[in-house]
Every structure is written in C-alpha cells, then in structure tokens.
Amino acid sequence: SALAHADDDKQYRWRLAETWGPNFPIFGDTTKNMAKMVKEMSNGRLTIRIDSSNKHKSALGIFDFVKSGQYQMGHSASYYWKGKNFNTMFFTTVPFGMIASEQHAWFYYGGGMELMKKVYDQYGIMSFPGGNTGNQMGGWFKKEINSVEDFKGLKMRIPGFAGEVLAKLGAKPTNIPSGELYTALERNTIDALEWVGPSLDLRMGFHKIAPYYYTGWHEPGTELQFMVNEKAYNSLPKDLQKILTVAMKVAAYDMYSQSMHASGVNLASLKKDYPNVQMRSFPKPVMNALMVANDELLKEFAAKDPMTAEILKSLNDYKDQVRAWTNLSDRAYLDNFDAKK
Amino acid sequence: MDSVLKITGKIIDALGNFCSLLMVLMIINVFYDVIMRYFFNDVSIGMQELEWHLFAGMFMFGIAYTFKEDGHVRVDIFYDSMSAKKQALVNIFGSIVLALPITLIILYYSWDYTFEAYQMGEGSGDPGGLPHRWIVRSVIPLSSIFLMLSIFHVLIAQLKILTAPTPLEAGEE
Amino acid sequence: MTGIVLFAIALVCLFLGYSVAFTFAGVSLIVGTIVLGADLFAFMPYRIMSIMENTILMAVPMFIFMGIVLQKTGLAERLLESAAKLFGGIAGGVAISTIVVGALLAASTGVVGASVVAMGVISLPVMLKNNYHQPTATGVICASGTLGQIIPPSIILIILGDVMGVPVGDLFRAAALPGMLLVVAYVIYILILGKIKPEFVPPLVVTENKRELLVQALKDIVPPLILILTVLGSIFAGIATPTESASIGAVGAVILSVLYGTFSFSKMHEVSKETVKVTSMVFAVLIGATAFSMVFSYSGSEYLIEEFFMELPGGKWTFIALAMLAILILGFFIDFIEIAFLVVPILLPVAIALDVNLVWFAILISMNLQTSFLTPPFGFSLFYLKGVAPKYLKTTTIYKGVIPFILIQIAVLLLVLFFPDQLIIS
Ligand code: NA
Ligand code: NA
C-alpha cells in the first residue's frame, strides 16, 4: 500500500551512548562495526551516531539514558547495573561460571536470552549480548599469592561482586579512581588490581610496576551488552528491526575474535619486552577457597530473590551439562597437544 | 522588603554554616580513611564513598551561599567602572535571564533523575558500598531550590539598590 | 556554526560583568534550547553527578583549605618572606619562592584550580604588601599555579594517556624534564626582570644580620616545608593517593597552626566558610563549562574541527605545526578537557599515520593545553585567581600579567618540539 511505501523511505536517525571513551580499542570498535553494518544493510535508512563517554559525560548513565529514551541505544556491560537490580549481573559473567563459547550457547540455545528479557522487560529496555572479552586475567599483583592467608588484608582494586567474594577471604577491596590506579599500584597504596587482560592492560602500563600477572577466576567470559529502548525498537519497520539485531549479533561475535587476536599479539609483545613479568595461577587451595566463598555468597542472594534463584539454577545446570563436552573436546585436545610437545 | 531580605539571608547563612560543617567532615573522613588503610590495613568502600557524598553536598549547596555572598567570579573590565545602579541592572538581568532559567531546568530534570534512583532502590554496586543512591542524587534538586532562594534574595537586594534615591536626591532630603 | 554563535554571545555577556559560571550556563541554555531543544538539558543532572562523584576533584577543596589555613594563621606569609629574605634580599625573591612552592604543590597534585587558589591566598597578599608590580604578581601566581598540568602527577597527562592509548607512567616520566625546564625558565625570567625593572619585583628590606636571619628563616621555613614534603612524601611512600594527600596537607596545616599558637575555633570557622565559597566558585564554573561544552558538542561543532584537520596538507612538521597552532587558538576558548577529548582523537589517526612519536606528541599537547589555562578570555586560572584576589585587582591586570608567562611557555614548547631526544626521557 501507499502507506507502507512511505514507511520504506523513512529515515531513522538513532543515537547510541557507550560507556567507553573515544577511540577505546576493541569495545569502541564493536559499536562502530555495528553502526556501519546497519547503515550499509539498511541502505542508509537507519543510521546510528555513537556518543562516547566524552560526549555524554556519564559512563555509567547508559542504563538510565536508554530507559528514559534520551538515547535509543546503549553499549555497556550488564554487571554495571548490579546496584539497581542484582540480577542484571548474571548476564555479563559470573566467577567460576562459563567460558565465552559455553555462555554463547546458553544465551542463544540454553534460555539465557529469555531470562535476560525477563529481567530487563520491567525497564522498557531490550538487552543483547554486546561482545566478549574472553577470559579475563586475575590481575596484577605486587606480591606472590601462595596461600589463602596471603589474601588477608590484601588491598585490591576489584569492583563489584568479585570484590565481595575476595572480601570473604579477608581481602580489602578498595576504590581508586582509574586515573590514580597506576600511581597507587606503583607506590603500594594498593597491593593488586584487576583490569581486563593483555588486550587492554598494556596501555595502562601496569606491567612496568607489578611483577606478577595472575590468571583469572572471576570473569571467565565477560560479555558486554547492547541495550535498545523498547519503544524505539517497536517504532522501527520489521526489516530494520531484523537488520539491527543481526548487526548487533555479528558485531558482538566479531569483538570476541578481535579480543582473542589482540590478547595474542599483546601477550607476545609483553613476553618479549618484559620477560621479568611472571605469569602465575593461584594455587589449588586458594582457588578452592575462592570457589567456596563464591558459592556461599550466591546462595545467600538466591535465598533472597526467586528470580536470582531461577537464573542461578539455569546457569549452573547449563554449565554442568556443557562443561562435560568442553572437557571432552577442547580441554582434552589441549592437554593431549601439550603432552605431545 | 527588608524583613524578607533578613529572613532569606539568615536561611542562606545557615546553609553556609552547614556547608562548612560538611567540608570539615569531608577532610576528617578522607584523613581517617588514609590512616585506617595505612596504619591499620583496614579499608571500607562505604567510608570511601561517604567522602564524595560529603564533597558533593558541600560544594553544591555552597553555590547558593556563594551566590548570596557575591563570591562567584566575574570578568570586571567594564563592570567595575559602572555606577551602582548600572551594576544592579546587570545583576538583575543576569539573575532573571541567565541564572534563574538554568536553575529551574536543572531542578526540573534532576527531580526525575532522583526519583528514578529512589524507585529502583539503587545503591552502590561495590562491596560494602552505600545504599540509597537517591540521597546523594537529591543534592542536585535540593541545591537548585536553595539557589532559587538565593537568586530571589539577590534580586530583591539589587532592586532595592536600583529603586533607591540617587545620592543627589538623597542629599536634598 | 552553533559553536561560534555560542562563543560570541558568551563573550559579550561575560564582558557585561555577570558571574562567569552563570553566564556560561545561562547562555548555553538559551542557545541550546533554540538550536537543539530544551530536552538536551535532561543530560545536566548526569553531567553534574559526574562532577560530584569525581574523587580526583576532591583534592580541590582540601588544598584550598590548606592554603587558607596557612594564610589566615600568618604561616604562609612568614614562609614566603623568610624564603625571600634568605635569597639575600635579591629582587624577585618572593616571586621565586612562589614559583618554587608552586612547583612543589604541582608535584603533589594535578589539580590546577586548587593550586592557583591556594597560591593566590598564600602569596598574592605578600607580594602586594611588598609593592610588587600587580600584573607581574598575578602572572607569577597563575603561571606557577598552573604548573600542576605538566609536572607529574597531572590530570591532563592521565586523560591524554587514556585518549591516546599511551601508558600514563611513560607520560609522567617524559614530562619531568620539560616541567623542570619551565620552572627554571620562570625563575630566570624573574631574575632578569629584577635586573631590568627592579621596581617591579622589589627585594625585601633585610635589616637582620645573617645569623639572625638564618635562625628566623629556619623557624619559619622548616615547618611549612615539612608540611609540603609530608604531602609529597605521603604519595611517594604509598600512604595516600594524590587526592588523599590533600587531606594530609589540610590536617597538617591545622596542626601547624596549633603548634604556632595561632589556632582558634573562630578562625577555623572563618577558614571553613571561606573554603566553601572559593570551592563553590570553582565548581560553579565547572558546571557552567559543562553546560557550555554540552551545547558545543551536541550541536556538532566538533565536526567543523574534524573537517579542518582532515584537509591539512601532508607532512609531519606541517601537521605538528598546524596542530599546535590550532590547539593554542582553541585553547583561548574551550577548556583542556574538551580539547583532549574532542580534538586529540581527531589528530591521533593522522599522527599515527605520519609516524609521530606519541609520547612526545602527548607532551607537546599537554604543554600547549597548559597555556590554555592562562589565555584570555576563557583561561580558568585567570578566573580562579580573580575569585580570590582583592577586589581592587582588575581582570585586565591579570590578563596583562600572564602574557610574559604565556610567551615563556611557548618558548619551552618550541624547545621540546626541536630537542625531543634531549628533553624527553623515555
Ligand atoms: Na602535578
Ligand atoms: Na583559554
């Protein structure tokens, strides 16, 4: 009909607010990729302008921006909204949870998307996976961690839920503005900090001042998040809705590849230029203690809120099932590969 | 008119004293946190967050107090050589056209902003952080209300200058 | 286009003499509402909140408090006068002491507002009392108070490190020599001024004999110096972050006043109220500026800048020369954070393509941005000093006073530009 035809020509100019600053590598590339794909696939009918944190000046205001419709879209991480609704945290990553590939399967085939919708619906926000960093490192430490005792009184910059887990072992989670992190670690004002991994840590310079780089436990597969204002989404014609969701999915997956690539490249240069940095893993007893503390904390929260319990059950059941396959496939392959070398 | 000036002046002076208190508490708070961390290896994210809550209240409310005290910096190249009446005109113009509208619009939008946090029960996402984020957010609308009172106070004071008899007329009395 | 209109209207209103903060905010509201609609201002609470929770800025009131305690208890005056007398009563002694104290403050924080205001309340009265040439006195304070921009730790270096993807530690190291060079250049300028125009920077009258002087100086200089060194030391020893070190300075100043017997509760009440006023003045300017930059950037004015740089002719030196010139000129009108976030990201890809050393480039930019604090009409250091200076000091006096220091900064910038290997420690 004539009406439908008029709709076809209509131009939609959207804006997306992201948590990251301008030119922030990898995370920032993801939004640019997505917007570029949308523009090309829609033949310019839907354009998305990206505003980085320098423009909107509120890195953690993304949720409120999208909820109120000030921005049609946002790019951030779900666990930043833990203070608003504890259940949002599960859609980024959980300590001792699934790795990226497992979590992807959970989102798209294991009921993850449905649970995320259940949590976000009340805010008029649609949430989508927004790109994975891969396994994150446990952090930069000035001292070696040999036993659970070594965590007692350890001042570490580690925000959010993981900080609560560490606090249970006697560590002292500490708030330091990111601009002062380097100085604070250098001068031993704090003893340790976590950031991301080789892909993004090197630009912060921590490898020059901390001798120990520990492997991860608290963010096994950090998935960022695209947010779309539901009303704005519904105002789009069906084809543009599809273009948008496909572009988000492709851009998110591409970020996972890019993270993997950047981590590999940066790790190589770290090893070459800073051979003194020692890569360590926490000893088994330490890992066990962390795992116990994590389970206890999650149980406490699950007892308080049926929704938390539902999400946690879904996550744990799915992990148990899919992990058996990961062990038999990837883990076995890697173990055998190493044995042959 | 004088009694209105007196009352509003008193309220804003009390606000100034309150801000001074917040400032001293903030310094003590930060110093305490440093001592506890370094000498007793004890860190509380709640106490760390309290630092900027006090800081925010101090300078946001202080803006209204400073307004009344004429402490906001001006570019005085021409202003200084103006007569008192011309200066009053600048201040009346500025208060009505520049200061009042932005204060009103910040009040309007920060109301929702604060209410949102209240409705969601938003708190800190960090271990041991402070609950009730709406309290610190409410500093923005509250400070706008105080600032409106201060603008009102200055407006009346400046109108008084503008309508006062000029020195010549006064001499004739 | 909107950006230009915004500037023009703000400029006119500014010269009317209404408060800087509300002129920025009010003009932005009018222009923003006409061009983009009043809805834009729904962002204001978020922007104000981000200032409220910026704990790095928390150093501002605490350093101001420290400065005002030192001033009201007469400790600062004694420090500066003794230090100046110790310089043998040479012309410019107080100014040189001011520069040295400014450099020390700069090394303890990167917050320009705090050091300009603290220096303004501490040493401006001393210089004025000693019949200093008013423009020179104000220029010295603005310039040495702004040193915090380049002498590490510095906010602008941290921001640039983030925007440019260069480790902050590298930038801090690279900034050390250029920062010191600037301090030395200021001192040399004052010494030369003392020779050519001794009446501008009169020496203090020294009547005491050498030994008396030394004893007196020790009594006056050592305690406040210990205070400043404690502030610095607390950072270096890892006791406090640079922000927190300001609280040590504030508490330390109160303790000193008790030791010197000049403490009283009524004085502290006065100090607190004064601190609130000065702090609120500084932060109101910040809030006004954030409204201003919001309208500036949401109206798409940054794309004009982008176009300009994209059409630059090729070549590394042309690029650097034009980039430096453009930042300098933009610095007259917009603040350093805006430049760091709006302009630097545009320059960055070009710099990378031309194989420009990014650490060196970042130091050049930060030295250039430091100048923007001093350049009229929108130089923040000028506003901050004006806010605490005696009423009879005119804005034009301050404008005049900073000119020589702007020229010195440009000269040092040129040195860093042409001798990177000698001046940048990598
Ligand atoms: Na500094
Ligand atoms: Na300027």
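The values are calculated or read from the model by the stated rules, or taken from the named source; none is laboratory data. No experiment lies behind these values; they were computed from the predicted model shown. Here Cβ is always computed from backbone atoms with ideal geometry, including for glycine, and neighbour counts include all displayed protein chains. Ligands, DNA and RNA are excluded from the accessible area calculation, which covers all protein heavy atoms including side chains. Shrake-Rupley method; radii C 1.70, N 1.55, O 1.52, S 1.80 Å.
Note on region C:340-364: residues that are away from every other protein chain (no Cβ under 13 Å) and within 16 Å of ligand 1 (Cβ to nearest atom) amount to 1.
A quick yes/no check of all residues on (1) closer than 21 Å to residue C:85 by Cα; (2) at pLDDT below 80:
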residue: C:210; (1), (2): yes, yes
residue: C:217; (1), (2): yes, yes
residue: C:226; (1), (2): yes, no
residue: C:232; (1), (2): no, yes
residue: C:235; (1), (2): no, yes
residue: C:241; (1), (2): no, no
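Yes/no per residue for (1) modelled with pLDDT under 85; (2) within 15 Å of ligand 2 (Cβ to nearest atom); (3) over 21 Å from the mean Cα position of the chain (by Cα); (4) under 21 Å from residue C:44 (Cα atoms):
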position: C:269; (1), (2), (3), (4): no, no, yes, no
position: C:289; (1), (2), (3), (4): yes, yes, no, yes
position: C:309; (1), (2), (3), (4): yes, no, yes, no
position: C:336; (1), (2), (3), (4): yes, yes, no, yes
position: C:364; (1), (2), (3), (4): no, no, no, no
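Among helices (runs of 4 or more DSSP H) entirely within region C:132-207, having at least 2 residues that are away from chain A (no Cβ under 14 Å), more than 13 Å from ligand 1 (Cβ to nearest atom) and surrounded by fewer than 22 Cβ atoms within 10 Å (Cβ to Cβ) singles out C:134-145, C:168-196.
Do we find a residue being at positive phi and open to solvent by 10 Å² or more (accessible area, probe 1.4 Å) anywhere in region C:350-369? Within region C:350-369 (the criterion being at positive phi and open to solvent by 10 Å² or more (accessible area, probe 1.4 Å)), the answer is yes, since at least one residue qualifies. Please tell me if residue B:119 is more than 9 Å from chain C (Cβ to nearest Cβ), in a helix (DSSP H, G or I), touching a Phe, Trp or Tyr at 6+ places or on another chain (Cβ under 9 Å) and polar (S, T, N, Q). So residue B:119 fits the description; yes.
The criterion of being touching a residue at least 12 places away in the same chain (Cβ under 8 Å), open to solvent by 10 Å² or more (accessible area, probe 1.4 Å) and closer than 30 Å to residue C:393 by Cβ holds for residue B:15.
Yes or no, residue by residue, for (1) surrounded by fewer than 22 Cβ atoms within 10 Å (Cβ to Cβ); (2) hydrophobic (A, V, I, L, M, F, W, C); (3) within 25 Å of residue C:54 (Cα to Cα):
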residue	(1), (2), (3)
A:186	yes, no, yes
A:192	no, yes, yes
A:202	no, yes, yes
A:226	no, yes, no
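Against the list (1) more than 10 Å from chain C (Cβ to nearest Cβ); (2) of a type outside the set (A, V, I, L, M, F, W, C); (3) in contact with a Gly (Cβ under 9 Å, 6 or more places away or on another chain), the condition residue A:186 fails is (1). For region B:34-47, the set of residues classified as closer than 20 Å to residue C:250 by Cβ and either part of a loop (DSSP other than H, G, I, E, B) or facing chain C (nearest Cβ under 8 Å) (or both) consists of B:34, B:38, listed by residue number. Within region C:360-407, the set of residues being of a type in the set (A, V, I, L, M) and closer than 28 Å to residue C:71 by Cα comprises C:374, C:382, C:385, C:388, C:389, C:393, C:398, C:402, C:403, C:406.
Here the helices (runs of 4 or more DSSP H) wholly within region A:26-90 that include at least 1 residues being open to solvent by 20 Å² or more (accessible area, probe 1.4 Å) and hydrophobic (A, V, I, L, M, F, W, C) are A:27-41. Residues that are more than 13 Å from chain B (Cβ to nearest Cβ), over 22 Å from residue A:285 (Cα atoms) and outside any loop (DSSP other than H, G, I, E, B) within region A:121-140 comprise A:121, A:126, A:127, A:128, A:129, A:130, A:131, A:132, listed in sequence order.
Residue by residue, here is whether (1) in contact with a helix residue (DSSP H, G or I) (Cβ under 8 Å, 6 or more places away or on another chain); (2) at pLDDT 95 or above; (3) under 30 Å from residue C:236 (Cβ atoms) holds:
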residue	(1), (2), (3)
B:23	yes, yes, yes
B:27	yes, yes, yes
B:33	yes, no, yes
B:40	no, no, yes
B:81	no, no, no
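Here is a yes/no grid of residues against (1) assigned to a helix (DSSP H, G or I); (2) closer than 22 Å to residue B:59 by Cα; (3) more than 14 Å from chain B (Cβ to nearest Cβ); (4) free of Cβ contacts under 8 Å to residues at least 40 places away in the same chain:
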position: C:7; (1), (2), (3), (4): yes, no, yes, no
position: C:21; (1), (2), (3), (4): yes, yes, no, no
position: C:40; (1), (2), (3), (4): yes, no, no, no
position: C:55; (1), (2), (3), (4): no, yes, no, no
position: C:78; (1), (2), (3), (4): yes, no, yes, no
position: C:85; (1), (2), (3), (4): yes, no, yes, no
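Of the residues in region A:19-31, at least one is closer than 16 Å to residue A:129 by Cα and away from chain C (no Cβ under 13 Å).
The single condition from (1) small (Gly, Ala, Ser); (2) crowded, with 20+ Cβ neighbours inside 10 Å; (3) more than 9 Å from chain B (Cβ to nearest Cβ) that residue C:387 fails is (3).
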